[in-house]
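In what follows, a structure is listed as structure tokens, so that the remarks can point back to it.
The values are calculated or read from the model by the stated rules, or taken from the named source; none is laboratory data. Computed from a predicted model, the values in this text were never measured in an experiment. Using ideal geometry, Cβ is built from the backbone for each residue, glycine included, and neighbour counts are taken over all protein chains shown. Accessible surface is based on the protein model in full, side chains and every heavy atom, while ligands, DNA and RNA are left aside. Shrake-Rupley method; radii C 1.70, N 1.55, O 1.52, S 1.80 Å.
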Amino acid sequence: MNVVPFFEWLDATWLASFAKTYAGLFSMVQAVHILSMVMLVGMIILGDLRMLNVVLKGVPSDVIIQNTKKWIYIGLVGIVLSGIYEASAIAMKLAYNSFFWAKMAGLAMGIVFMLSFRSAVYSRAPETIASTGPKSDAVEPWVVKLVASASLLIWFSVAANGRWIGFS
Amino acid sequence: MLNELLFEFATWLDGFQASTNLHEALYAYGWVEATHVLTLTLFLGMLLVIDLRLLGVAFKELPASTLMERLDKPMMIGFVVMIISGILLYFAIPVRSTQSIWFRIKVVLLIAAGINALLIRNMTRSADLAWDNDPVPPKRIRVGAGLSLSLWALVVVCGRNMAYDWWDCHKEMPYFMYWAAGCVNELAAFE
Ligand code: HEM
Ligand code: HEM
């Protein structure tokens, strides 16, 4: 699949010329991207660290995971919108930038992983982790910890690849 | 006076070989800056959880004190990493950072956010937390939490804007800006 025409199209849109014209606004959008990351990744690591029993051990995990959801979605919307705005200004650079592609692949993986395995496994966490009372369909503790570690790894790699676009 | 002292200090740091090495290294500087940015998720992430609870908009089922006491350690670990990586970034580019208006505003905001955090800490000593289980804490607590989030967001804006050279000393600027950014050489030209 040849994606370069897509970036050529993006580069020619009014959004791209707008984003390139106003440097002050662009820097604000960059700040929004970072602040959205704090909300998105912050809430995800709260859940992951909880399931690793590193923070808030003994506090019912369902309550924590449930509360993080809304903020994860708000963060996602903010980061995708600000990200597209930023991308439009440097579209032709990104078309050939491997860190950008690693980041997009990681992001797709992170979202799918979060909605499938992470959510399914966390809701079946055993009593020693969840503190929500015995369940009939509980999984082994190591499964929960593996999923939590994988989640942390995915999201930090997305963020690291994002920062590295600028250095490359 | 203060501007001269800061400039001399920065020039002195700039003389270290380690400062030049860090600045010019292919990967080291990048990793320090990446650490600075990634650690925001831990430090400000935990702070966000606590402040959203204090605002009464999230985690309402949990006592406020539980989150404040038990997320304090991970948050402070993040804070220490922010400070260490920040000092290293400053050490790599000392003169330009010292004369950056954004860096100066950032330091002032950091101090303000720190004082605000201490005030919140004082208002939330566990002994008199009559509202600990209330979904929505009292107004003064909510004001403190809102202020905290705003100040930290502004710190992020200032940190991000340091990368731009709009108000660097070599630019044509009004006297006030040279003074605020501490451009000692440019100021001397006005004498
Ligand atoms: C559709 C989604 C996204 C798009 C299109 C996008 C696009 C971009 C672009 C174009 C940049 C600027 C690169 C540069 O010029 O330096 C950037 C920076 C960055 N992105 Fe994203 N991004 C997205 C999602 C994310 C996510 C989910 C995360 C975190 C988990 C993230 C973390 C970062 C970070 C940490 C930076 C560097 C910030 C800075 O130092 O200013 N991005 N992104
Ligand atoms: C704990 C609170 C702090 C926060 C929230 C914060 C936030 C930030 C942010 C968001 C950036 C932009 C990074 C990027 O997009 O690549 C940054 C850069 C930077 N920060 Fe911090 N920072 C903090 C503490 C410090 C401290 C204590 C120092 C120094 C003593 C410092 C020095 C720097 C420097 C030199 C840069 C690089 C700017 C550049 O050249 O692009 N920071 N900070």
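The lone criterion from (1) in a helix (DSSP H, G or I); (2) open to solvent by less than 60 Å² (accessible area, probe 1.4 Å); (3) under 30 Å from residue B:64 (Cβ atoms); (4) within 14 Å of chain B (Cβ to nearest Cβ) left unmet by residue A:132 is number (1).
A count restricted to the stretch B:103-120 and to residues that are buried (at least 17 other Cβ atoms within 10 Å of the Cβ) and either more than 14 Å from chain A (Cβ to nearest Cβ) or more than 8 Å from ligand 2 (Cβ to nearest atom) (or both) stands at 9. Taking the stretch A:29-42 as the range and being more than 7 Å from chain B (Cβ to nearest Cβ) and not β-branched (Val, Ile, Thr) as the test, the residues that pass are A:33, A:36, A:40. For the stretch A:79-119, which positions are under 16 Å from residue A:41 (Cα atoms), open to solvent by less than 50 Å² (accessible area, probe 1.4 Å) and more than 11 Å from the chain's Cα centre (by Cα)? Of everything in the stretch A:79-119, those that are under 16 Å from residue A:41 (Cα atoms), open to solvent by less than 50 Å² (accessible area, probe 1.4 Å) and more than 11 Å from the chain's Cα centre (by Cα) turn out to be A:82, A:83, A:118.
Taken as a whole, the condition of being under 24 Å from residue B:18 (Cα atoms), within 14 Å of chain A (Cβ to nearest Cβ), open to solvent by less than 40 Å² (accessible area, probe 1.4 Å) and at pLDDT 95 or above applies to residue B:39. With respect to the conditions (1) without any contact (Cβ under 8 Å) to a residue 12 or more places away in the chain; (2) within 14 Å of chain B (Cβ to nearest Cβ), residue A:168 lacks only one, and its number is (1). Within the stretch B:67-87, restricting attention to residues that are without any contact (Cβ under 8 Å) to a residue 40 or more places away in the chain and open to solvent by less than 30 Å² (accessible area, probe 1.4 Å), the residue that is nearest to ligand 2 (Cβ to nearest atom) is B:78.
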